Structure formats: C-alpha cells, structure tokens
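To start, the structure itself, in structure tokens.
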Amino acid sequence: MPMEIELGPAAAEFRAEVREWLHENRPDDPEAVRSQLIGGGPEHDAWAARLHDAGFLCVGWPKEYGGRGLSGIEVAVMNEEFGRAGIPRVTRAMGEWLVGPSIIVHGTDEQKAYFLPRIVDGTDRYCQGFSEPDAGSDLAGLKTRGVVDGDEIVVTGQKVWTSGAHRANMMFCLCRTDPDAPKHRGISYVLLPMKQSDGSSNGFELRPIRQITGNSNFSETFITEARAPLFNVIGGLHNGWRVTMTTLGNERGGNATTQHVQYEHQFERIVDEARRCGVTGDARVRQQLAWAFTRVEIMRYAGLRTLSEVVARKEPGPAASINKMFWSEYARDVSDLMMNLRGPESLIRPEGEGYALDRWQTEFLASRSGTIWGGTAQVQRNIVGERVLGLPKEPDTELGGRSR
Ligand SMILES: Cc1cc2nc3c(=O)[nH]c(=O)nc-3n(C[C@H](O)[C@H](O)[C@H](O)COP(=O)(O)OP(=O)(O)OC[C@H]3O[C@@H](n4cnc5c(N)ncnc54)[C@H](O)[C@@H]3O)c2cc1C
C-alpha cells in the first residue's frame with residue numbers, strides 16, 4: 001500500500017467519516033455493482049440510491065443545486081477511500097462528470113436551478129450526442145442541424161457511438177445553428193429530451209452497435225425533428241463550442257486526481273494472479289511487473305500535481321491530455337501483459353450463456369477503446385504539441401479537432 005500523503009486535519013476528519021460510512025454501508029456484492037457500471041442493472045441502481053440518500057453523489061457541486069459543496073481535496077479523499085475499500089463509486093455518469101460541470105460554468109442561474117438537481121436525484125440521465133459519422137476527431141465538422149422555431153429549437157441529424165443512450169432520457173447534443181458562420185462558431189449545445197411528455201419518442205431512433213466485449217453499450221442515434229425549449233440551450237445560441245471545451249476538458253481530466261487508485265487495485269490483482277500462475281520467478285514477468293508498478297506510481301504523483309491545480313481552482317487545461325493519454329495507453333498495455341502472463345488460459349472462455357468472458361478478458365477487450373473515446377491518443381498528442389509545447393498548429397485546421 002503506497003504512503004498516504006498528509007492533506008491536513010480537515011481532510012483527515014473527512015477521510016475517517018467516509019471510511020466509517022463505507023464500513024457500515026458497503027454493498028453486499030461490490031463485484032456485481034462493478035459489473036453493471038457501464039450497462040446498469042439492479043445492484044448498480046440500488047447502490048446509487050443509497051449513495052444519493054447519504055449525499056455521496058455530485059459531491060463537488062454547490063449545496064443549493066443538490067450537491068454537497070465538497071472541496072477538491074475532499075472529493076479526492078472520498079474517491080480514494082471508495083477505491084481503497086474496493087467499492088465502486090457509482091456516479092450519475094455523464095450527468096455528473098460531463099454535462100453538470102458544464103452547466104455550472106456556462107449555465108444561467110435559472111438553468112442551474114432547474115437542470116442540476118434533476119441530475120443529482122436521477123430524474124435526468126444523460127448521454128453524449130457529439131460524434132457523427134464524419135465528425136469524430138474533427139468534431140467541429142458536425143452536420144446535425146438546429147433550427148429555431150418560436151421559443152423552441154428543432155434538431156435533426158445523426159449521431160454515432162452514443163454510449164448509454166438506451167438508459168438515458170436526455171442527450172447533451174451539439175448541432176449547427178448558424179451554417180454560415182466559421183465551423184467552430186455556429187454550433188449550439190442543447191439539452192434534448194429523448195421522450196415527449198406523453199412518453200412517446202421525441203424523434204429519437206436508436207440502433208445498438210455490438211462491441212468486442214459482446215455488449216451493446218452504444219448506439220447509432222438518428223434524430224428527426226427533436227424539440228426542446230430554447231431554455232435548454234447552454235451558453236447561448238451559436239456559442240456551444242466554448243461549452244464543449246469545458247465538457248471535453250472534464251472528459252479528459254476529470255478523474256485525474258485519483259485515477260491511480262483503480263490501477264493500484266488492478267496491480268494487486270495482477271501480482272496475485274502472477275503468483276497463482278507460478279510465474280513471479282520468471283525474469284521477463286518481474287521486469288513487466290516493475291514496469292507496471294512504476295507507471296501506477298507516476299499516475300499517483302501526477303494525480304497529486306492535478307490536486308494542487310484543483311486546490312488553486314484552475315479549470316482542467318491542456319495538460320489534462322497528458323492524463324488521458326497516459327492512463328488509456330497504460331490500461332491497454334497492462335492488459336496485454338496480463339494476457340501473456342496467464343498464457344493459454346487467456347484464450348479459454350468461461351462456461352456461460354451467450355458471450356461469456358472472464359474479468360481479465362473483459363478488461364483486455366474493453367481497454368482497446370480507452371485510447372479512442374473522449375479524443376484519441378493521437379489527438380491528445382496534437383494538443384500537447386500545440387498547447388503545452390507551443391509547436392506550430394496542424395496545417396489544415398483553424399482551431400483544430402475534437403479536443404481543442
Ligand atoms: C467505447 C467508446 C465510447 C464512445 N462514446 C461516445 C459517446 O457517448 N458520445 C460521443 O459523441 N462519442 C462517443 N465515442 C466516439 C469517440 O469520441 C470517437 O470515436 C473519437 O473522437 C474518434 O473519432 P472517430 O471514431 O470518428 O475517428 P477519426 O476521427 O476518424 O480518427 C481515425 C484515426 O485517425 C486519427 N486522427 C484523426 N485526426 C487526427 C489528427 N488531426 N492528427 C492525428 N491523428 C488523427 C485518429 O487518432 C484515429 O486513429 C465513443 C467511442 C468509443 C470507442
């Protein structure tokens with residue numbers, strides 16, 4: 001167990017409080033909750049309800065909007081305690097870590113008062129409608145249209161890779177509202193209800209896409225004349241790119257302070273597995289384990305650096321790209337290591353219905369996507385090159401692609 005950094009008496013007191021609560025309230029089957037983290041399910045939902053009742057959701061948000069008003073240090077302490085206890089810290093997913101923080105920065109007081117408490121209590125469950133068939137890395141090339149009709153906006157277009165759309169009832173959606181403006185300037189950021197008040201679809205059709213893990217957690221999303229009040233436009237009409245930058249900054253760097261905790265846990269499991277397989281004396285395996293341990297430690301130190309930025313109340317900047325690039329490439333490479341370490345066992349699927357995989361196989365396959373979603377590793381390198389190192393911009397872009 002790595003040394004705990006002293007964060008002061010208030011943080012220590014809060015740490016003790018969280019630890020005690022977790023000790024008394026831990027879910028009966030944390031693994032069942034964990035296995036439902038992406039697709040959802042009864043154990044996940046029951047645990048989310050318990051966390052909500054105890055005030056452990058959206059904890060960094062202001063109290064007046066349903067949060068707990070915790071400081072950046074307290075949020076990090078809480079994440080650490082959940083992680084070290086091996087208990088999944090269920091959140092309100094994209095509502096909590098992407099759209100909520102963007103509303104806090106760019107929404108009006110009325111928008112904050114209306115939308116934020118609905119995320120906290122689970123009324124609104126969001127999915128992200130950014131990517132389109134021809135607009136992924138080059139996100140500002142999106143073609144979905146938004147037309148103002150009286151006091152409503154009417155949205156038509158196609159999105160793709162929409163994670164969790166089947167569980168969502170709201171989409172934070174980017175659409176082009178001024179086709180004549182330069183491509184980054186004519187975009188609006190709309191909170192689109194996916195259903196009408198009578199329960200019928202608000203012009204949404206979802207076509208699930210099967211993933212290599214066997215799950216279908218994302219979809220192609222076809223939107224035909226979906227309506228929302230103009231009140232649901234965040235940051236003002238045609239001004240959605242600024243809001244998008246806040247959302248993407250949180251997607252890249254939001255968890256940076258405690259990213260290491262899950263990998264510390266995974267590392268302990270890897271060492272146990274290496275012992276079980278009897279390969280800890282193998283010179284190559286020992287080299288690889290030392291490699292992995294070193295990277296988890298680097299993530300821990302990088303987390304502390306980020307924590308000091310959080311304390312200084314800096315918004316996630318371009319350095320968040322370093323975090324996204326580092327953990328996603330590590331997660332991919334360490335799962336390759338695991339497959340090799342377990343040898344032929346890695347290739348044998350467990351007994352079970354349908355597309356059964358064991359935990360290691362699932363981690364291996366799922367880790368392929370980390371270097372793609374939220375902006376690819378190549379795009380993160382472009383950001384580091386241009387915005388951190390000050391190298392010349394890519395020749396054919398004005399402000400660049402998805403994640404600038
Ligand atoms: C598991 C998963 C979940 C996702 N969930 C969502 C979601 O919920 N909502 C949503 O909107 N999107 C989602 N996405 C989509 C994701 O954001 C895009 O896949 C990603 O931004 C890349 O876009 P693309 O797939 O169109 O690839 P492209 O942009 O076509 O890129 C193809 C390749 O070219 C490289 N490339 C492109 N441009 C450059 C450049 N300028 N410099 C160097 N290399 C470049 C890329 O790195 C990549 O290797 C998800 C993706 C995955 C894998």
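What follows draws every value from the coordinates through simple rules; no lab data is involved. These numbers were taken from a predicted model, which means no experiment stands behind them. Positions of Cβ are backbone-derived with ideal geometry, glycine not excepted, and every protein chain shown enters the neighbour counts.
Can you tell me the relative contact order of segment 1-136? Whole percent, Cα pairs under 8 Å, sequence separation 6 or more.
Numbers: 116 pairs, mean separation 30.2, N = 136.
Result for segment 1-136 is 22 percent.
Which one, GLY67, GLY352, GLY249, has the greatest fluctuation when you compute a Gaussian network model over the chain with C-alpha springs under 10 angstrom?
Among GLY67, GLY352, GLY249, the largest mean-square fluctuation in the Gaussian network model of the chain belongs to GLY352.
When the chain is treated as a GNM, springs tying every alpha-carbon pair under 10 Å, which of GLN158, GLN287, GLN266 comes out with the largest mean-square fluctuation?
Among GLN158, GLN287, GLN266, the largest GNM mean-square fluctuation belongs to GLN287.
Efficiency by 1/(1 + (r/R0)^6): what FRET value for GLU329 and ARG275, r their Cβ-Cβ distance, R0 = 22 Å, to the nearest 0.05?
Numbers: r = 26 Å, r/R0 = 1.19.
My answer for the efficiency is 0.25.
Which whole-number percentage describes the relative contact order of segment 237-386, with Cα contacts under 8 Å and a sequence gap of 6 or more? Mind dumping the intermediate values first?
Details: 115 pairs, mean separation 46.2, N = 150.
Rounded, it is 31 percent for segment 237-386.
Full-extension gain between PHE293 and SER200, please, as 0.36 nm times their residue separation minus the C-alpha to C-alpha distance.
Numbers: separation 93, 0.36 × 93 = 33.48 nm, distance 5.12 nm.
Additional length available on full extension: 28.4 nm.
Sequence-distant or interchain residues sharing an amide H contact under 5 Å with GLU132, placed H: which?
Hits under the 5 Å cutoff: VAL160.
Suppose the chain between ASN340 and ASP53 were pulled fully straight at 0.36 nm per residue; how much longer would it get relative to their current alpha carbon spacing? Write out the running numbers ahead of the final one.
Working: separation 287, 0.36 × 287 = 103.32 nm, distance 4.36 nm.
Extending this stretch completely gives an extra 99.0 nm.
Count charges around ARG349 for me, please; just the other residues with Cβ under 14 Å from its Cβ, Lys/Arg as +1, Asp/Glu as -1.
Working: positive: ARG342, ARG359; negative: GLU345, GLU351, GLU353, ASP358.
Computed value for this residue: -2.
Report the calculated FRET efficiency for ALA377 and ASP151 (r = Cβ-Cβ distance, R0 = 60 Å), to the nearest 0.05. Walk me through the numbers on the way to the answer.
On the way: r = 43 Å, r/R0 = 0.71.
For ALA377 and ASP151, the calculated efficiency is 0.90.
Tell me the angle of helix 240-253 to the major Cα principal axis of the chain, expressed in degrees between 0 and 90 and rounded to the nearest ten.
Helix 240-253 sits roughly 0 degrees off the main axis of the chain.
Return PHE231, PHE204, PHE14 ranked ascending by Cβ neighbour count within 10 Å, so the fewest neighbours appear first. Intermediate values should be presented prior to the final figure.
Details: PHE231 15, PHE204 22, PHE14 19.
Listing PHE231, PHE204, PHE14 from fewest to most nearby Cβ atoms yields PHE231, PHE14, PHE204.
May I ask you to evaluate 6.51 cos²θ - 1.76 cosθ + 1.60, the Karplus curve with θ = phi - 60°, for each residue of segment 353-369 and list the ³J(HN,Hα) values in order in whole Hz, giving x for glycine and proline?
Per residue, the Karplus-derived 3J(HN,Hα) values read 5, x, 9, 6, 9, 7, 4, 5, 5, 4, 4, 4, 5, 5, 5, 5, 8 Hz.
Given the -39500 (n - 2.57) contribution per DSSP H run of 4+ residues, what per-residue ellipticity at 222 nm results for the chain, rounded to the nearest 500 deg cm²/dmol? Kindly include the intermediate steps, with their values, before the conclusion.
Working: 12 runs with 166 residues, N = 404.
Calculated at 222 nm, the ellipticity per residue is -13000 deg cm²/dmol.
Restricting to Cα pairs below 8 Å that are 6+ residues apart, what does the relative contact order work out to for the chain? Please round to a whole percent. All intermediate terms of the calculation are to be shown ahead of the outcome.
Numbers: 623 pairs, mean separation 53.9, N = 404.
Value for the chain: 13 percent.
Angle between the Cα long axis of helix 259-276 and the longest principal axis of the chain, 0 to 90 degrees, nearest 10?
Once rounded, the angle reads 40 degrees.
At a 10 angstrom cut-off on C-beta neighbours, averaged per residue, how do the peptides 237-244, 184-191 rank from highest to lowest? Write down the numbers at each step before the final one.
On the way: 237-244: 20.6, 184-191: 22.9.
So the peptides 237-244, 184-191, ranked by packing, come out 184-191, 237-244.
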